[in-house]
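The values are calculated or read from the model by the stated rules, or taken from the named source; none is laboratory data. Everything numeric here is computed off the predicted structure, so don't read it as measured data. Glycine gets a Cβ as well: all are built from the backbone with ideal geometry, and neighbour counts include every protein chain shown.
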Amino acid sequence: MLDAPQPLLPEIFALHGRWRARSPALVAPQRTLDWQSLDRSTNRIANALIGAGARHGDRVAMLMSNCIEMAELIVGIMKAGCVAVPLNTAISAESAASMLADSGAVFVFATADHAARVGAIAGIARIEVAGEGAPATAGWRGYADWLGGADAHPPAVPVAASDLCNIIYSSGTTGEPKGIVHTHGTRVAWAYDAALALRYHSGARTLLVTGLYSNISWAALLGTWLSGGTVVLRHVFDVADTLATIARERITHTAMVPVQYQRLLDHPQFWTTDRSSLQAIMSVGSSLPLATKAGLIETCRCDVIEVYGTTEGIITALDPEDAEGHLASVGKPLPGVDLLILDDHDRPLGAGEAGEIVGRSRFAMAGYWRRPEATAQALWVDGAGRTWLRTGDIGRLDEEGYLYILDRKKDLIISGGQNIYPADIEAVLMQHAAIAECAVIGVPSPVWGESPLALVIVKDAEAGDGEAIKHWLNERVGKQQRVAAVEIRDHLPRNPTGKLLKRELRAPYWPSV
C-alpha cells in the first residue's frame, strides 16, 4: 500500500520551491521573493537555529513589525521543528517579559522599533532585525550576522502532525492573555480551510495589513501560501497606502477587521481607486456592522465573506451566495465543523434560542500553554463523550442553520433580571448619521442593578449632542434596552486586531470590581 501521509506546511512550501520556483511568493516594499528564494531563505533560518543550539520543540519568539524577515522566520521556525511564538507589538515591556517567561522561549527576534521593550533575560538569545547596514542595539546580535553563512539545504528535521507548531497569545480583551497552542496538524488544517472558505488559488495576490502576530494574519498568510499564491505585505495599515497598494499590486484577496473596512469606505480616495482586481475580501475579528457589510458588497463588486471564529479553533463563514436574506448572520459552519447553542446549564437549545456557542472542528487548539485548568474550563463534554470548545460568545442558530452573534458572554448586561445584548443597541446606534463608532456597556444602577450606557465617537463635533442621540436611540429600541446616557468620546480603546476593549471602558464605572 502506498504510504502517502498528508504533507505538513514545511513540506508543502518546499514543494512550491521546487515546482513553482519562479512564481512570486512574497512582495514587500523593498523586496520580492519567488518560491525558490523563500524556500532557500527559510532553510537557512532553520539551519541557523539548529546550529545555534535550538532543539526540537524549543520556543522561538518574535516581537516584530510586519516585514519579509518575520514571514520568513515563521516558516523557518517550522522547518527547524521549533515552536513559533509571535508576540503582539502593542504589548508593554512587562507583558513581553511575562510572555517570554511563560513560553520558555530560548530565542527572541525583534525589529529595531520594538527591541527596547525586551530586556536581557538569562537563557534567551536576542537577535535584532534592523535596517540594512544599521548596527544592532547594544546587547543584541544583528540578524544578518546571526544568519551568517547558514546552509540553504533542507534541514534534516522530521516534523510530525502532533508536534507543536505555534503559541499565539490571546488578545486579553476578556482577561489575562493565554498562550493558545496549535499543532502542525491543526495548522495545516487551518490553512486548508482558510483556502477553501476564502477562495484562494495559485493566482491569488493577498494583501496583508494586519499584524503577523495574529491568527487572522496566519490564516490569510498560510492559506494563500498553501494555494501557491502571492502575499503582498505592508508594514502597517494606512488607508491611503492600502488603497494605492490594491490598485498598484492588482490585489485579489485581503483579510481585515471591520474598523479597517469602515475607514476604507469613509476615505475619499476609495471612490477613485481601481478596485477591479478584487475577487474576495474577508472580514474577521469582530462583527461587521450591517451598513459596512452592505457598503462593501455594493461598492467592491467582489465576494465579501464574513468569518466568525476564535484563535482556539471554531469557524463559520457567510458566503456571498448566502448573503441575501441572511446579511445579519455570520453564515454556516465550514465543512467538518459542528456547532451547538447551550443554555446556562449546558443543555443544548433549539433554533432561535440564545445561548453560548460551542463547536467542534479539526483545527481546534491543543490547549492553553501550561494552563490545564483554563484548558479544562474552555471545554465541554457532551453525553456521548465528545469534546466541544466553548467560545464565550452568545448566539443563536436559525431554522436553516445560520449563526447569529449576539454578544460576548462577559459583555452581557443584566438589568432588572433581563438579559440585554449590547450588540443589539450598537447596531441601532450605527444607523445614526452622526456616529462613526460606538460601544455600549453596563454601568451600576441602584434600581436595576445595571443599566446600558452608550459611548460614541461622532463624525462631526458640531453634531455631537449626547442628549439628542439618547432621545433618538431610545425611541428605536425596546424599553429594557433604553440607555441611561450617551457620552461623546474622542477615542474608544481597541486592541491591534480591532476589538473594542470593553473591560477598559467599564473599569471607571466599577471601581470596586
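Taken over the range 431-460, the criterion of being closer than 13 Å to W510 by Cβ and in contact (Cβ under 8 Å) with a residue 60 or more places away in the chain is satisfied by I441, G442, V443, P444. Any residue in the range 102-120 that's free of Cβ contacts under 8 Å to residues at least 24 places away in the same chain: show its pairings with residues that are not aliphatic (A, V, I, L, M) at Cβ separation under 9 Å, as long as the two are six or more apart or on different chains. If the second residue must be not aliphatic (A, V, I, L, M), the pairs left are A116/T137; A120/R126; A120/G139. Quick one: in the range 330-352, of everything that is surrounded by fewer than 15 Cβ atoms within 10 Å (Cβ to Cβ) and on the phi > 0 side of the Ramachandran plot, which residue is farthest from the chain's Cα centre (by Cα)? Checking each candidate, the answer is G352.
Checked against (1) within 26 Å of T292 (Cβ to Cβ); (2) buried (at least 18 other Cβ atoms within 10 Å of the Cβ); (3) among the hydrophobic types (A, V, I, L, M, F, W, C), L327 passes all but a single condition, namely (2).
Cβ-Cβ contacts under 7 Å between residues 6 or more apart (or on different chains), taken from a first residue in the range 122-142 that is of a type in the set (K, R) to a second residue that is surrounded by fewer than 18 Cβ atoms within 10 Å (Cβ to Cβ), are listed as R126/G139; R126/R141.
Close contacts from the range 246-261, counting a first residue that is of a type in the set (S, T, N, Q) and a second that is part of a strand (DSSP E or B), with Cβ to Cβ under 6 Å and a gap of 6+ residues or different chains, come to T252/R205; T254/L207; T254/I281. Of the residues that make up the range 284-298, is at least one touching a Lys or Arg at 6+ places or on another chain (Cβ under 9 Å) and in contact (Cβ under 8 Å) with a residue 40 or more places away in the chain? Checking the range 284-298: at least one residue is touching a Lys or Arg at 6+ places or on another chain (Cβ under 9 Å) and in contact (Cβ under 8 Å) with a residue 40 or more places away in the chain. Taken over the range 70-117, the criterion of being among the basic types (K, R) and farther than 11 Å from L49 by Cβ is satisfied by R117 alone. Note on the range 479-509: among residues that are small (G, A, S) and not in a loop (DSSP other than H, G, I, E, B), the one that is surrounded by the fewest Cβ atoms within 10 Å (Cβ to Cβ) is A507.
Using the structure shown, decide if H182 is in contact (Cβ under 8 Å) with a residue 24 or more places away in the chain, buried (at least 19 other Cβ atoms within 10 Å of the Cβ) and under 23 Å from M256 (Cα atoms). When the stated conditions are applied, H182 passes them. Listed by first and then second residue, the pairs with beta-carbon distance under 7 Å, at least 6 apart or on different chains, first residue in the range 17-28 and free of Cβ contacts under 8 Å to residues at least 40 places away in the same chain, second crowded, with 17+ Cβ neighbours inside 10 Å and among the hydrophobic types (A, V, I, L, M, F, W, C), are G17/W35; G17/L38; A21/W35. Here A150 fits the description: on the phi < 0 side of the Ramachandran plot, assigned by TED's automatic domain parsing to the domain that holds M62, crowded, with 16+ Cβ neighbours inside 10 Å and more than 30 Å from the chain's Cα centre (by Cα).
Contact annotation: residue pairs with Cβ atoms under 6 Å, 6 or more positions apart or on different chains, pairing a residue in the range 479-499 that is at pLDDT 90 or above with a partner that is assigned to a loop (DSSP other than H, G, I, E, B), are I488/G464; P493/L501.
Being among the aliphatic types (A, V, I, L, M) and within 20 Å of S217 (Cα to Cα) holds for only one residue in A84, A112, and it is A84.
Return a yes/no flag: does the range 75-84 have any residue that is over 19 Å from P155 (Cα atoms), in contact with a Phe, Trp or Tyr (Cβ under 7 Å, 6 or more places away or on another chain) and either of a type in the set (D, E, K, R) or not assigned by TED's automatic domain parsing to the domain that holds L501 (or both).
no
Results for (1) under 26 Å from T230 (Cβ atoms); (2) touching a Phe, Trp or Tyr at 6+ places or on another chain (Cβ under 6 Å); (3) at pLDDT below 95, shown as yes or no for each residue.
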site	(1), (2), (3)
I251	yes, no, no
Q262	no, no, yes
Q269	yes, no, no
S277	yes, no, no
I281	yes, no, no
G285	yes, no, yes
D303	yes, no, no
I315	yes, no, yes
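Of the set (1) closer than 25 Å to T111 by Cβ; (2) of a type in the set (K, R); (3) out of contact with any helix residue (DSSP H, G or I) (no Cβ under 9 Å at 6 or more places or on another chain), all apply to R234 but (3). Meeting the requirement of 3 or more residues that are of a type in the set (A, V, I, L, M) and farther than 29 Å from V428 by Cβ, the helices (runs of 4 or more DSSP H) wholly within the range 228-329 are 239-248.
Let's see how each residue does on (1) under 22 Å from G395 (Cα atoms); (2) not acidic (D, E):
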{"residue": "I251", "(1), (2)": "no, yes"}
{"residue": "E298", "(1), (2)": "no, no"}
{"residue": "G313", "(1), (2)": "yes, yes"}
{"residue": "D322", "(1), (2)": "yes, no"}
{"residue": "S329", "(1), (2)": "yes, yes"}
